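Data first, discussion second: the structure below is written as structure tokens.
The values are calculated or read from the model by the stated rules, or taken from the named source; none is laboratory data. Small disclaimer: the values here were computed from a predicted structure and weren't measured. Using ideal geometry, Cβ is built from the backbone for each residue, glycine included, and neighbour counts are taken over all protein chains shown.
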Amino acid sequence: MIIFRYLLRQLLGSTVAVCFVLLLVFMSSRFVKYLRDAALGKYDADVLFALMGYKLPEFLELLLPLSFFLSILLVYGRLYLDSEMTVLSCCGVSRSQVLRYTMVSSLVVAAVVGLMSIELTPSGAAKATALERAQQQRAELDSMPAKRFQKLQAGSGVAYAEEVSNGELQDVFYTESVANTEDGSGQILVLAHKGYQKRSENLKDNFLVLEDGYRIEGTPGEALFRITYFNEFGKRLAQTKEDDWRIKKIQKKSLGFRELAASDDPQHIALLHRRLSWPVMVLILTIAAIPLSKTNPRQGRYMRLLPAILLYVIYWQAVEAGVSKVSEGELNVYGGVWGIHLLFLLVAVTIFYWDRLRCKFSRRAAGETA
């Protein structure tokens, strides 16, 4: 029991530390992307941390299996270098018993990963979808900073306002390129006293409404320009499909376990079995990680990390490829997903018993030679 508690504490503590480092790297990268989108006006700065919080279960779903796999390699590698594994073996603790002890930690991590994959990740994705929709439906110029040129979404033009207050723009400058019947290089400049953004009744179209100003149209480099004074001028803003595609992708992730299980759509079936694959991967990789963590003091503790990580990447990519084939309808889930798990289970068991199998084959070969 003392050995079990010692190994459990070492493995779970190392898993938390490794996961924290990986999570910090992944979230920093994603936060930089969100900051860029906020600078372009796609998000309010106030919602960035909420979006990151909703994405946290998805990050943990991906990083916990890798973190636990690396923790086994690091912890048991240190025990081999410090000869603690040798002492345990001399005290009657076999590799199979170490596997049983480790499987308890593996079941805990697999349960957490399953909870993330089945419940928390879809819930977070659903909240992220609602937040994305709210950001998409808000006026594009609501977050426009004063005294800065801002390129509008989908490249429809560039706007500038001397002052911005409660969604109303003061001393507005707006410009865009238009098709010219002669040389295709026409330019429109609009100067207005104030402006605001207005949505249509069906909430599908956005308009930039300017009041009390001038509209100047012509070709740069030529003396002929058309100048029009207006009391009110409306410009339909171009729509972008990027946000719609992104929201549809998040919506698929937000489907719950029961919805996916009741669906006949190949994409939903593939997504369901992808979620179930993560806890299974934790258990299978645990079997392979224990023998792969064995190191020679002369080799160093990181000697086995490269082939172990290579095995993890191959396993992960094979599952993703199988899920992709299932979503396209080319394979069923048994051949495309669970067949891969069975194959790597056989690989993990072979790695675990490789030393015993090699000794058995060596004795048989020596007997046949004699």
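Yes/no per residue for (1) surrounded by fewer than 16 Cβ atoms within 10 Å (Cβ to Cβ); (2) under 29 Å from SER106 (Cβ atoms):
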residue: MET1; (1), (2): yes, yes
residue: ARG5; (1), (2): yes, yes
residue: ARG9; (1), (2): yes, yes
residue: THR15; (1), (2): no, yes
residue: LEU51; (1), (2): no, no
residue: LEU60; (1), (2): no, yes
residue: LEU63; (1), (2): no, yes
residue: LEU66; (1), (2): no, yes
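Might you let me know whether the range 290-303 holds any residue that is at pLDDT 85 or above, surrounded by fewer than 21 Cβ atoms within 10 Å (Cβ to Cβ), of a type in the set (Lys, Arg) and assigned by TED's automatic domain parsing to the domain that holds LEU74? No, the range 290-303 contains no residue that is at pLDDT 85 or above, surrounded by fewer than 21 Cβ atoms within 10 Å (Cβ to Cβ), of a type in the set (Lys, Arg) and assigned by TED's automatic domain parsing to the domain that holds LEU74.
In the range 39-88, what residues are among the hydroxyl-bearing types (Ser, Thr, Tyr) and outside any helix (DSSP H, G or I)? It would help to see each step written out before you state the result.
Kept after step one, since they are among the hydroxyl-bearing types (Ser, Thr, Tyr), are these residues of the range 39-88: 43, 54, 67, 71, 76, 80, 83, 86.
Selection gives TYR43, SER83.
Tell me, please, whether a residue that is β-branched (Val, Ile, Thr) and under 24 Å from TRP316 (Cα atoms) can be found in the range 32-48. The answer is no; no qualifying residue exists. Sub-6 Å Cβ pairs linking a first residue in the range 14-25 that is farther than 12 Å from VAL75 by Cβ to a second residue that is modelled with pLDDT under 90 and buried (at least 17 other Cβ atoms within 10 Å of the Cβ), at least 6 apart or interchain, are LEU23/PHE59, ordered by first then second residue. Residues in the range 24-43 that are closer than 17 Å to LYS151 by Cβ and of a type in the set (A, V, I, L, M, F, W, C) were compared, and the one that is surrounded by the most Cβ atoms within 10 Å (Cβ to Cβ) is ALA38.
Just wondering, is there one or more residues in the range 103-117 that are at pLDDT below 85, in the same structural domain as LEU73 (by TED's automatic domain parsing) and not polar (S, T, N, Q)? Let's see the steps before the verdict.
Looking only at the range 103-117, we keep the residues that are at pLDDT below 85, and these are none.
No: zero hits.
For the range 310-337, filtering for residues that are surrounded by fewer than 17 Cβ atoms within 10 Å (Cβ to Cβ) and in contact (Cβ under 8 Å) with a residue 60 or more places away in the chain leaves 2. Kindly check whether there is at least one residue in the range 120-130 that is surrounded by 18 or more Cβ atoms within 10 Å (Cβ to Cβ), modelled with pLDDT under 80 and not basic (Lys, Arg). Checked the range 120-130: at least one residue is surrounded by 18 or more Cβ atoms within 10 Å (Cβ to Cβ), modelled with pLDDT under 80 and not basic (Lys, Arg).
In the range 27-83, the residue that is farthest from the chain's Cα centre (by Cα) out of those that are within 27 Å of LEU8 (Cβ to Cβ) and among the hydroxyl-bearing types (Ser, Thr, Tyr) is SER83.
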